[in-house]
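Undergrad: Got a structure for you, written out below as structure tokens; questions coming shortly.
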């Protein structure tokens, strides 16, 4: 499937994984996103920063976190909070029964005009409007 894609938080986290196969896939998706074919949202950045500084076995140092934010994440961040984003998230939450935070990720991918949402945590091969959810580790 071709088209612009959205990267969920779990993909970014796997770029730091000890699981080599998932790490390779995650890093390639992030690299591809930098070729202007992929993106993420403010929420992905917030969730990653929380995870990398508190939940990693060895948390990232402040300087390393700031460098990753500046060089890797922020250049591909396309979706920021807006009233429309929250309304769309609530619609997705009600219609598709995802949690609010998962619905916010889905709404952000749709707002960014993505055709694919890469996530390990959402329903693989589910289509929501023009967006297809794909678990890249199942391919």
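Readers should treat all values here as calculations from the given coordinates under stated rules, not as data from a laboratory. From a predicted model like this one, the values you see are computed outputs, not experimental measurements.
Undergrad: Out of all DSSP beta bridges with both ends in the chain, state the antiparallel percent to the nearest 5.
TA: For the chain, the DSSP antiparallel bridge percentage is about 15.
Undergrad: Could you tell me how far the Cα centroid of the range 107-127 sits from the Cα centroid of the range 31-78, in Å?
TA: So the separation of the two Cα centres works out to 18 Å.
Undergrad: How large is the convex hull of the C-alpha atoms of the range 5-134 per residue, in Å³?
TA: Once divided by residue count, the hull of the range 5-134 is 102 Å³.
Undergrad: Return the calculated 222 nm mean residue ellipticity for the chain, to the nearest 500 deg cm²/dmol, obtained by summing -39500 (n - 2.57) across DSSP H runs with n ≥ 4 and dividing by the residue count.
TA: Theoretical 222 nm ellipticity from helices: -14000 deg cm²/dmol.
Undergrad: Residue 100 to residue 58: extension gain in nm, 0.36 nm per residue of separation minus the Cα-Cα distance?
TA: 12.2 nm
Undergrad: Which whole-number percentage describes the relative contact order of the chain, with Cα contacts under 8 Å and a sequence gap of 6 or more?
TA: The normalised contact order for the chain reaches 28 percent.
Undergrad: Can you give the extra length, in nm with one decimal, that the chain gains between residue 87 and residue 31 once fully stretched, where that is 0.36 nm per residue apart less the Cα-Cα distance?
TA: Separation in residues times 0.36 nm, less the Cα-Cα distance, equals 17.1 nm.
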